[in-house]
1. Only one residue in ASP162, ASP130 is modelled with pLDDT under 95 and surrounded by fewer than 18 Cβ atoms within 10 Å (Cβ to Cβ). Which one?
2. Could you list all residues from region 81-122 that are among the charged types (D, E, K, R), out of contact with any helix residue (DSSP H, G or I) (no Cβ under 9 Å at 6 or more places or on another chain) and either under 19 Å from TYR43 (Cβ atoms) or touching a residue at least 12 places away in the same chain (Cβ under 8 Å) (or both)?
3. Can you tell me which of (1) part of a helix (DSSP H, G or I); (2) within 21 Å of ILE248 (Cα to Cα) is the one SER363 doesn't meet?
4. Among the numbered criteria (1) within 22 Å of PHE174 (Cβ to Cβ); (2) at pLDDT 90 or above; (3) in a helix (DSSP H, G or I), which single criterion is violated by TYR116?
5. Within region 82-113, how many residues are part of a loop (DSSP other than H, G, I, E, B), of a type in the set (A, V, I, L, M, F, W, C) and surrounded by fewer than 17 Cβ atoms within 10 Å (Cβ to Cβ)?
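The values are calculated or read from the model by the stated rules, or taken from the named source; none is laboratory data. Since the model is a prediction, treat every value here as computed from it, not as a measurement. All Cβ positions, glycine included, derive from the backbone under ideal geometry; neighbour counts span all protein chains shown.
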Amino acid sequence: MTNEGRRKKADEFYGMLEERNIDRVVFGNREFDTWYGNAAYFYGTEHSIPGYEYANKVANDPTFKRRKQQPQQLQQNLQQQSSSSHWISKLYVCNYCFKYTTNGSHMASHRDKCCYRVPRPTIGKMCYRDDDNHIVIRQIRGFKNPLFCQNLSLFGKLFLEDKSVFYNVDNFDFYVIYGRDEQDTETKTKTRRSRRKSARSTNNVDLVDLVPLGFFSKEVLSWETQVNLACICIFPIFQRRHLGSLLIEFLYELSKREYKQHISGPEYPLSPFGKVTYLRYWSKKLASILVNYSHSHSHSPKPNITLDELSELSCFRKEDILLTMDYMQLLTKDMESDIITLHLGNVEYWCKSIGWDPMSYRSLLNVDNLVI
């Protein structure tokens with residue numbers, strides 16, 4: 001086997017593929033495209049059904065096993081799979097526990113009796129509860145709820161390019177953000193109204209289930225003392241609701257309170273979604289700090305702030321600050337002395353370029369709602 005072949009084989013072992021192998025997912029009542037491939041859903045040579053379904057068929061009927069087939073038939077089946085752009089066209093995933101199947105009727109039956117289908121989630125430990133915005137964040141430990149965390153990781157890989165931990169979840173904590181699926185909320189409200197139930201149904205909006213909207217994972221025993229995150233993912237249908245920024249704010253507060261990490265940041269490399277989300281959060285937080293600092297030192301002809309001071313004020317690592325400043329184009333380099341300087345005037349110019357007032361910066365996280 002060539003080095004290229006070995007690399008592809010290793011990537012498949014960790015679930016990574018160069019192309020998408022699942023076309024679309026049905027998550028609850030929502031259907032949408034995947035972003036990346038995930039080989040970890042499947043058995044090594046059987047790509048037409050999920051791995052657990054294949055294992056069940058083998059257990060019930062050993063003659064089903066691929067090695068029992070004639071070599072000619074096996075080769076023909078593999079060629080048919082390779083000629084298709086996707087291994088399967090649609091994967092049904094429970095939006096409560098993340099169990100999955102290729103059979104829509106099986107999933108409908110499962111969702112009706114899923115033990116995680118309750119108005120307010122009970123799995124794991126409550127860390128944040130915002131009743132006004134119907135948001136809950138719960139800590140779910142990998143070693144206590146392995147199946148849930150494994151299925152969550154498998155689903156997350158469909159939207160994360162570099163995620164490679166799916167089954168060995170014992171050393172990870174998962175923080176899942178729960179909220180309302182607005183589309184599902186509207187459907188359930190109309191259904192309940194049409195049935196004209198008893199007075200209890202008049203409070204039907206409050207009875208709508210909270211479902212997982214995204215998550216981040218954190219390694220429990222990490223040798224990197226300033227790393228506070230392994231991966232972060234908001235599922236595509238719930239993006240553009242500022243949930244990523246809310247999770248990041250929660251993460252920094254969690255690091256300070258529970259892990260005594262005053263200065264921390266994510267593990268690199270970040271996924272494309274993670275990088276965009278972090279840069280959006282970092283840039284606005286830094287802009288707010290710098291503009292306020294500039295105004296409070298307006299009496300000084302040339303106000304200065306060091307990287308150490310900025311790190312202490314923001315709780316961001318120095319490398320994250322420099323990455324963000326480069327993204328905001330705030331730094332200038334003296335060609336003769338090679339000295340890199342931050343010009344505070346560039347901060348206000350950047351704020352105007354995106355039409356944002358740094359004095360209006362408000363935290364999305366209400367610290368009074370923390371339960372840590």
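1. On the way: ASP130 fails: modelled with pLDDT under 95.
None of the other options fit; the residue is ASP162.
2. Correct list: ARG111, ARG120.
3. The one condition SER363 does not meet is (1).
4. (3)
5. From region 82-113, those part of a loop (DSSP other than H, G, I, E, B) are 84-87, 94-99, 102-103; that's our starting set.
Checking which are of a type in the set (A, V, I, L, M, F, W, C) leaves us with 87, 94, 97-98.
Narrowing the set further to residues that are surrounded by fewer than 17 Cβ atoms within 10 Å (Cβ to Cβ) leaves none.
Count: 0.
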